[in-house]
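J.: Dropping the structure in here first, questions after.
The values are calculated or read from the model by the stated rules, or taken from the named source; none is laboratory data. The model shown is predicted, which means the values in this text are computed figures rather than measured ones. Glycine gets a Cβ as well: all are built from the backbone with ideal geometry, and neighbour counts include every protein chain shown. Just the protein is used for accessible areas: all its heavy atoms, side chains included, with ligands, DNA and RNA removed. Shrake-Rupley method; radii C 1.70, N 1.55, O 1.52, S 1.80 Å.
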Amino acid sequence: MPKNNLIPILLGTLLLLSCTGADSASGQVVTLPDIDISGSPNGIVPLPSNTPAVFREVFSKYTKLIAPNGKPIHFLVQDAWSDDKILKARNVMEHQLASYPGSRYGDDKAVVANAMADVKATMTLFNTSEDANVARAGSLGRGVTDLAMQSLWENETTVEGSYDYMNHITRDASYEEVLHLVQVRGIMNALPEFQAEIETAHTAAAAKGWSKDHDNGSNSVEYFAQEFDVYFDLWVVQPKRWEGRDLEPGEMPEGTAHWGQNAANTRLRLLEIDPAAYEVVTSFFHPYLTYTPQLPLDFEGTFSIKLDESQAYTHKSQHLRNVTLTGSNDANLTGNRHSNTLIGNSGDNILTGGEGDDRINGNAGSDTAVFSGAYADYEVTTHEGFVTVRDLRLNRDGTDSLMSVESLQFRDRTIEL
């Protein structure tokens, strides 16, 4: 969603875009010191005491990605953010900056990541929009720091495996807001030809009355991020909540995305009615999500990355390839048509690879790998602690590599290993 803007030309895309400037009190440019995250298992650390006060007054946690040029892309985080949600935001950026070999513009995204790091690109993870407004009016006002900032709220972010995600409640803005930073501070600087194609596609869509923001304006930054959302099917089923507010029935028109701003709400519909948008997205991004979510410690039940029309969340999760369980609860994972990596936890897990050549690791507990055919349809071999199960029928379960799995469940029998 567009936010209250500081830079009119971007129509609110970058809420806290701060160019090189000086602290009015000290006359010094305020920047972040080098912050070491290597001692943290998940790369998230408390904001160090040597961080300038203008940051410590607002933020409490920190993480980063290191660009190929060795410079950081920062994440400054307020106190309401759980580590799971911080990892979600970082995962999304990792995906957006993951090179896509063979694609027209995403073949080597090092230039994009380097361009971002060169201008000190920073995700500012605020608790709410109100918190962001207070910071903007105070210590982090425009011109105080040399960071190029883009904001995301805690109450517009949802984590795979959470109650919110599984019940498709909150509109997840992480994809959109992170991409704003990637586009404005990376693509625009490093890939001007690609940016020109995005603008051309946007102009054509706007002429048809699509991709309008809430101020009845339109810009290529909002357009590109919205089409990215649509490409990953975030709007097949309308969300129930936006930034902590329950949505009224009919507030979001069915069959559209982004409050009716987009005429397509699914990947297939995008290809049908806006092939130019489909082309710009697929020329830069993988057709699946490249990151591996770690489900929350308290997750129970089954997490499926196979589309199931009866489970609204699977419209989103179907684009994942890999999933990891954490904690000790008994829980299950179901794979999809991709070659998946499914990793269990210390509880008892039922792990179903499905189509593709999958890697399944049960970890601790008593774990079962599930196959769709009869036992006689498979070849089972063991070598150096790994079990390989090869489906002798084509286009069904593929060849799966298993470790720390105690039993194999076929349609007609279960065997112990």
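J.: Please find, within the range 105-135, the residue that is surrounded by the most Cβ atoms within 10 Å (Cβ to Cβ) out of those that are part of a loop (DSSP other than H, G, I, E, B) and of a type outside the set (S, T, Y).
T.: So in the range 105-135, the residues part of a loop (DSSP other than H, G, I, E, B) come out as 105-109, 119-120, 127-128.
Applying the additional criterion that residues be of a type outside the set (S, T, Y) yields 106-109, 119-120, 127.
Working: G106: 21, D107: 12, D108: 13, K109: 25, V119: 18, K120: 20, N127: 16.
By that ranking, first place goes to K109.
J.: Of the residues that make up the range 394-408, is at least one in contact with a Phe, Trp or Tyr (Cβ under 9 Å, 6 or more places away or on another chain), open to solvent by less than 30 Å² (accessible area, probe 1.4 Å) and without any contact (Cβ under 8 Å) to a residue 40 or more places away in the chain?
T.: no
J.: Of everything in the range 256-268 that's open to solvent by less than 60 Å² (accessible area, probe 1.4 Å) and not in a loop (DSSP other than H, G, I, E, B), which residue is nearest to A204 (Cα to Cα)?
T.: N262
J.: Within the range 383-393, which residues are open to solvent by 20 Å² or more (accessible area, probe 1.4 Å) and modelled with pLDDT of 95 or more?
T.: T388, R390, L392, R393
J.: Taking the condition in a helix (DSSP H, G or I) and among the hydrophobic types (A, V, I, L, M, F, W, C), does A364 pass?
T.: Here the answer is no, as A364 does not meet what is asked.
J.: What is the one condition in (1) within 25 Å of P287 (Cα to Cα); (2) not in a loop (DSSP other than H, G, I, E, B) that N395 does not satisfy?
T.: The number of the failed condition is (2).
J.: Here's another thing I want to ask about it. Could you look through the range 31-68, keep only residues that are among the charged types (D, E, K, R) and closer than 23 Å to T128 by Cα, and pick out the one that is surrounded by the most Cβ atoms within 10 Å (Cβ to Cβ)?
T.: Among them, the one singled out is K64.
J.: Here is a further query. Under 8 Å between Cβ atoms, which residue pairs at least 6 apart in sequence (or on different chains) link something in the range 193-210 that is aromatic (F, W, Y) with a partner that is in a helix (DSSP H, G or I)?
T.: Final answer for the pair search is F194/I187; F194/V280.
J.: Same structure, new question: Name the helices (runs of 4 or more DSSP H) wholly within the range 138-255 that hold at least 1 residues that are touching a helix residue (DSSP H, G or I) at 6+ places or on another chain (Cβ under 7 Å), open to solvent by less than 50 Å² (accessible area, probe 1.4 Å) and more than 25 Å from K120 (Cα to Cα)?
T.: Of the helices (runs of 4 or more DSSP H) lying wholly inside the range 138-255, those with at least 1 residues that are touching a helix residue (DSSP H, G or I) at 6+ places or on another chain (Cβ under 7 Å), open to solvent by less than 50 Å² (accessible area, probe 1.4 Å) and more than 25 Å from K120 (Cα to Cα) span 192-207, 220-231.
J.: Would a scan of the range 296-314 turn up a residue that is over 22 Å from K109 (Cα atoms), part of a helix (DSSP H, G or I) and in contact with a helix residue (DSSP H, G or I) (Cβ under 8 Å, 6 or more places away or on another chain)? Walk me through it before giving the result.
T.: Of the range 296-314, the ones over 22 Å from K109 (Cα atoms) are 296-314.
Next, only the ones that are part of a helix (DSSP H, G or I) stay: 314.
Next, only the ones that are in contact with a helix residue (DSSP H, G or I) (Cβ under 8 Å, 6 or more places away or on another chain) stay: none.
Checked the range 296-314: no residue is over 22 Å from K109 (Cα atoms), part of a helix (DSSP H, G or I) and in contact with a helix residue (DSSP H, G or I) (Cβ under 8 Å, 6 or more places away or on another chain).
J.: Looking at this structure, is R90 modelled with pLDDT of 95 or more and of a type in the set (K, R)?
T.: yes
J.: Looking only at the range 307-342, count every residue that is among the basic types (K, R), farther than 17 Å from N361 by Cβ and buried (at least 19 other Cβ atoms within 10 Å of the Cβ) and tell me the total.
T.: Residues that pass the stated criteria total 1.
J.: Residue under question is D412, and the condition is that it be in contact (Cβ under 8 Å) with a residue 12 or more places away in the chain, of a type in the set (D, E) and open to solvent by less than 40 Å² (accessible area, probe 1.4 Å); does it hold?
T.: Answer is no for this residue.
J.: Still on this structure, I have one more. Which one of the conditions (1) open to solvent by 40 Å² or more (accessible area, probe 1.4 Å); (2) over 26 Å from Q226 (Cβ atoms); (3) in contact (Cβ under 8 Å) with a residue 60 or more places away in the chain; (4) of a type in the set (A, V, I, L, M) does A376 fail to meet, given that it meets all the rest?
T.: The failed condition is (3).
J.: For residues in the range 85-104 being free of Cβ contacts under 8 Å to residues at least 60 places away in the same chain and either part of a helix (DSSP H, G or I) or under 15 Å from P68 (Cα atoms) (or both), which is least open to solvent (accessible area, probe 1.4 Å)?
T.: Just the residues of the range 85-104 that are free of Cβ contacts under 8 Å to residues at least 60 places away in the same chain, to begin with: 86, 90, 99, 101-102.
Filter once more, so that each one left must be either part of a helix (DSSP H, G or I) or under 15 Å from P68 (Cα atoms) (or both): 86, 90, 99.
On the way: I86: 1, R90: 33, S99: 49 Å².
Top of the filtered list is I86.
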